[in-house]
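In what follows, a structure is listed as structure tokens, so that the remarks can point back to it.
Nothing in this text is a laboratory measurement; each read-out follows from the coordinates by a stated rule. No experiment lies behind these values; they were computed from the predicted model shown. Cβ sites come from the backbone with ideal geometry, for glycine too, and all protein chains shown count toward neighbours.
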């Protein structure tokens with residue numbers, strides 16, 4: 001099959017990562033990727049494995065009609081078997097352009113759950129509402145990455161008759177426990193094996209709610225719990241003024257409890273070096289970082305967002321979002337188990353990895369997408 005993917009951008013993000021893995025593992029198909037904006041991290045990675053990538057170059061505030069015409073022209077030239085769009089903006093522009101170009105197979109991708117005024121951009125909320133109306137005519141199917149996302153969008157008016165849930169998939173050969181990386185990174189951070197290390201891999205963003213995590217760490221510090229917390233992602237560089245403001249707010253210091261690393265490429269190594277991964281988000285659909293951590297044998301504490309509870313099952317701890325007292329209590333439970341029951345902790349690590357291998361393997365995801373693309 002010739003698949004033309006339309007995505008808002010190709011910078012570091014969850015949907016972008018899944019698009020990359022899908023192209024990487026569905027090698028029997030021809031993939032073409034169109035970014036509505038510019039190239040980013042995944043443009044080079046996709047090009048390196050032979051995927052043709054083009055960028056429309058739209059900027060914020062540019063009329064959508066310009067992008068619609070450019071997309072229409074690309075679709076007419078490529079004549080794909082399937083158009084797969086990713087996220088709200090590309091669902092709208094890519095879906096309408098595909099229909100205008102006469103493409104009969106248009107599949108929307110939805111990778112979000114909660115749209116919160118003040119936290120989500122008003123344009124995103126507006127476009128999602130337009131899409132709810134168009135969902136009865138434009139997409140052949142709407143592919144949700146999480147059951148929770150399907151439920152939320154059904155409530156927003158999306159046509160549930162077209163809904164399909166395909167959980168994200170992960171290559172457990174890539175995301176796996178890495179003892180040498182763990183040893184090297186903890187040495188780099190100045191942390192020995194007797195000190196527990198928790199961490200969050202997520203950009204500094206209101207939806208990720210680092211405020212919640214740092215408030216929980218401040219509570220644990222007052223309880224004299226000895227730990228280190230590694231923060232990885234865009235906006236979490238050691239010299240980040242926004243991070244400095246948050247740390248000051250909670251009486252925390254860089255290099256003491258908090259180890260800010262900024263953006264990193266060695267995520268499997270980072271996950272292996274953590275003892276517990278903590279997701280503190282206000283809203284998610286299908287949190288990739290939980291699966292990546294668990295595949296590396298790292299148990300997780302998470303807020304109850306999107307399909308997080310389904311992902312961790314009985315291998316982790318789930319608390320309500322925006323509740324730092326409960327988050328702190330869950331982290332303490334995890335660390336108590338880590339400290340007092342080494343054998344039980346090893347079993348917890350094994351179960352976490354096996355849950356991802358058994359339920360969210362990349363091959364399962366690829367097969368599900370190809371089956372939907374071939375459906376009538």
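Per DSSP H run of at least 4 residues, take -39500 (n - 2.57); add these up for the chain, divide by its residues and hand me the 222 nm value, nearest 500 deg cm²/dmol.
Value at 222 nm, helices only, nearest 500: -14000 deg cm²/dmol.
Take 49, 294 and order them by how many other Cβ atoms sit within 10 Å, fewest up front.
Ordered from fewest to most neighbouring Cβ atoms within 10 Å, 49, 294 come out as 49, 294.
How far apart, in nm, are the 7 Å Cα→Cβ label points at residue 25 and residue 234?
Here the modelled spin labels are 2.4 nm apart.
Bin width 20 Å, origin at 0, all Cα-Cα pairs of the chain: what percent of pairs per bin?
Binned Cα distances yield the sequence 29, 56, 16, 0.
Using a Förster radius of 35 Å, what is the FRET efficiency between residue 154 and residue 223 based on their Cβ-Cβ separation? Nearest 0.05, please.
Efficiency, from the Cβ-Cβ distance: 0.25.
Give the dimensionless ratio obtained when the Cα radius of gyration of the stretch 179-359 is divided by 2.2 N^0.38 Å.
0.93
Under a point spin-label approximation (7 Å from Cα along Cα-to-Cβ), what is the residue 211-residue 137 distance to one decimal in nm?
Calculated label separation equals 4.1 nm.
For helix 324-340, report the angle its Cα long axis makes with the longest principal axis of the Cα atoms of the chain; keep it between 0 and 90° and round to the nearest 10°.
Once rounded, one gets 60 degrees.
Taking 0.36 nm per intervening residue step and subtracting the Cα-Cα distance, what contour gain separates residue 48 from residue 336 on full extension?
Full-extension gain reported as 99.2 nm.
Give me the percent relative contact order of the stretch 276-351, please, defined on Cα pairs under 8 angstrom at least 6 residues apart.
Computed over the stretch 276-351, the figure is 30 percent.
For the chain, calculate the relative contact order in percent as a whole number, restricting contacts to Cα pairs under 8 Å that are 6 or more residues apart.
So the answer I get is 15 percent.
I need the calculated FRET efficiency for the pair residue 183 and residue 310, taking r as the beta carbon distance and R₀ as 41 Å, to the nearest 0.05.
My answer for the efficiency is 0.80.
Could you work out how far the C-alpha centroid of the stretch 240-278 sits from that of the stretch 9-32, in angstrom?
The stretch 240-278 and the stretch 9-32 have Cα centres spaced 28 Å from each other.
Determine the gain in length on full extension of the stretch residue 263-residue 195; use 0.36 nm per residue of separation and subtract their C-alpha separation, reporting nm with one decimal.
Gain on stretching residue 263 to residue 195: 22.1 nm.
Which residues does a label at residue 73 reach in the stretch 17-57, if reach means a backbone N under 13 Å from a point 7 Å past the Cα toward the Cβ?
55-57
By count of other Cβ within 10 Å, fewest leading, how are 270, 125 ordered?
125, 270
Under the definition of Cα pairs under 8 Å and six or more residues apart, what whole-number percent is the relative contact order of the stretch 179-359?
Computed value for the stretch 179-359: 23 percent relative contact order.
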